[in-house]
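The values are calculated or read from the model by the stated rules, or taken from the named source; none is laboratory data. Keep in mind that this is a model prediction, so the values were computed, not measured. Note: ideal-geometry Cβ built from the backbone for every residue, glycine included; neighbour counts use all protein chains shown.
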6 protein chains.
Amino acid sequence: MKYGARNEITATVKKIKKGSVMCQVDMSDIVANSMCSVMTLDSINEMDIKEGDKVKVIVKAVSVLIIKE
Amino acid sequence: MKYGARNEITATVKKIKKGSVMCQVDMSDIVANSMCSVMTLDSINEMDIKEGDKVKVIVKAVSVLIIKE
Amino acid sequence: MKYGARNEITATVKKIKKGSVMCQVDMSDIVANSMCSVMTLDSINEMDIKEGDKVKVIVKAVSVLIIKE
Amino acid sequence: MKYGARNEITATVKKIKKGSVMCQVDMSDIVANSMCSVMTLDSINEMDIKEGDKVKVIVKAVSVLIIKE
Amino acid sequence: MKYGARNEITATVKKIKKGSVMCQVDMSDIVANSMCSVMTLDSINEMDIKEGDKVKVIVKAVSVLIIKE
Amino acid sequence: MKYGARNEITATVKKIKKGSVMCQVDMSDIVANSMCSVMTLDSINEMDIKEGDKVKVIVKAVSVLIIKE
């Protein structure tokens, strides 16, 4: 399995918050960095994700913003 | 400084690859996870980023894809 | 503070509409152009944004679509 | 013509910079705010855009990041 | 009408699911491939889209992820 | 393998155009609809994609724009 994206990390699902259309998945990686994804409720239901699951987190490099403080 | 995005991490710039329009910035976080951003050459020139710089990496949750393998 | 994005403008928050997961922030710039951002409710709560606040609006050039009518 | 996006503005093309795959279109709106879009060279060739053209600029609200400085 | 995006298809609206901030539009193309868009409730109300309508579906190439299984 | 995205289709790679930083992958689905993805050259090299390969095309619903002409 290979992804056409430069950012790829394994994470554990910590919390799922469901709305009527969208839902939010809070995760953490192996060193406890927090990560978050928002997707449709339909997608999360089809994926059948629950707290404690290991998932792959993918972000295309074009979606990453760099800030120099 | 507060960002309207759920994913925020500090990283160090490892390598910058410049094309004629776009450029690619490879970074790593404190535990050596690699990250990557693509932006315009104009943006990187204005930011004046170079290898070794500390930057803030921001990703909105809607841009994050979860895969269950 | 420098942003790796080509589109950057200062705006005033006009209205915030909160859902259970996502929220919508309507803004206007100095010449009354309207702008809009959607983010998680968690993000807006952490930012502590309210109507009348001045904010920076950032959009990466790759997210901008041009249409020739 | 109606767009499923919250951010919509008319702009004038100021400058086009072409790379081998991507190209960058710098624009300004009626009050001289600068805007920028990056797209494929194929797209710009098909659109047949040139400096001075009026275009519609569209951004979905989910792609807009707010920062509180 | 020309769009600065590489992915463009005509589809028929099959189902609209409205939340308080966001809504989801399920569509299908001429060969019954399903497609889906999420946008603000404000946008869909302004577009006045309903089931059975023909719409144009636009996706920028940078937003498309390829996976090799 | 399950993806947290509402748009998923199988396609065949038709043409790859490589720049110095980015590259463009033109594809077509089973009924010859054309699709296109832009990614980094690094990603395509790691994926080892070539013309004729079958790939999975993934787009999050938030990245899909609907236009009513």
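Only residues that are under 29 Å from C:Lys18 (Cβ atoms), of a type in the set (Asp, Glu) and under 12 Å from the mean Cα position of the chain (by Cα) were counted in the range E:1-52, giving 1. Taken as a whole, the structure places B:Val31 among residues that are of a type in the set (A, V, I, L, M), at the interface with chain A (Cβ under 9 Å from one of its Cβ atoms), over 11 Å from A:Ile66 (Cβ atoms) and out of contact with any helix residue (DSSP H, G or I) (no Cβ under 9 Å at 6 or more places or on another chain).
Which strands (runs of 3 or more DSSP E) sit wholly inside chain A and have at least 3 residues that are β-branched (Val, Ile, Thr)? Reasoning before the result, please.
Numbers: elements: A:7-18, A:22-28, A:34-40, A:54-59, A:65-68.
Answer list for chain A: A:7-18, A:54-59.
Among the residues of the range C:51-58, some residue qualifies, meaning at least one is more than 27 Å from B:Val55 (Cα to Cα), more than 8 Å from chain D (Cβ to nearest Cβ) and in contact with a strand residue (DSSP E or B) (Cβ under 7 Å, 6 or more places away or on another chain). Just for the range A:9-34: of the residues that are touching an Asp or Glu at 6+ places or on another chain (Cβ under 8 Å) and more than 21 Å from F:Met1 (Cβ to Cβ), which one is surrounded by the most Cβ atoms within 10 Å (Cβ to Cβ)? Only one residue fits best here, namely A:Gln24. For the range B:35-69, a residue qualifies if it is surrounded by fewer than 20 Cβ atoms within 10 Å (Cβ to Cβ), under 30 Å from F:Glu8 (Cβ atoms) and modelled with pLDDT of 95 or more, and exactly one does: B:Lys68. For the range C:16-25, a residue qualifies if it is more than 14 Å from D:Ser63 (Cα to Cα) and out of contact with any Gly (no Cβ under 9 Å at 6 or more places or on another chain), and the qualifying residues are C:Ile16, C:Lys17, C:Lys18.
Of all the listed residues (A:Asp42, A:Asp53), the sole one being touching a residue at least 24 places away in the same chain (Cβ under 8 Å) and acidic (Asp, Glu) is A:Asp53.
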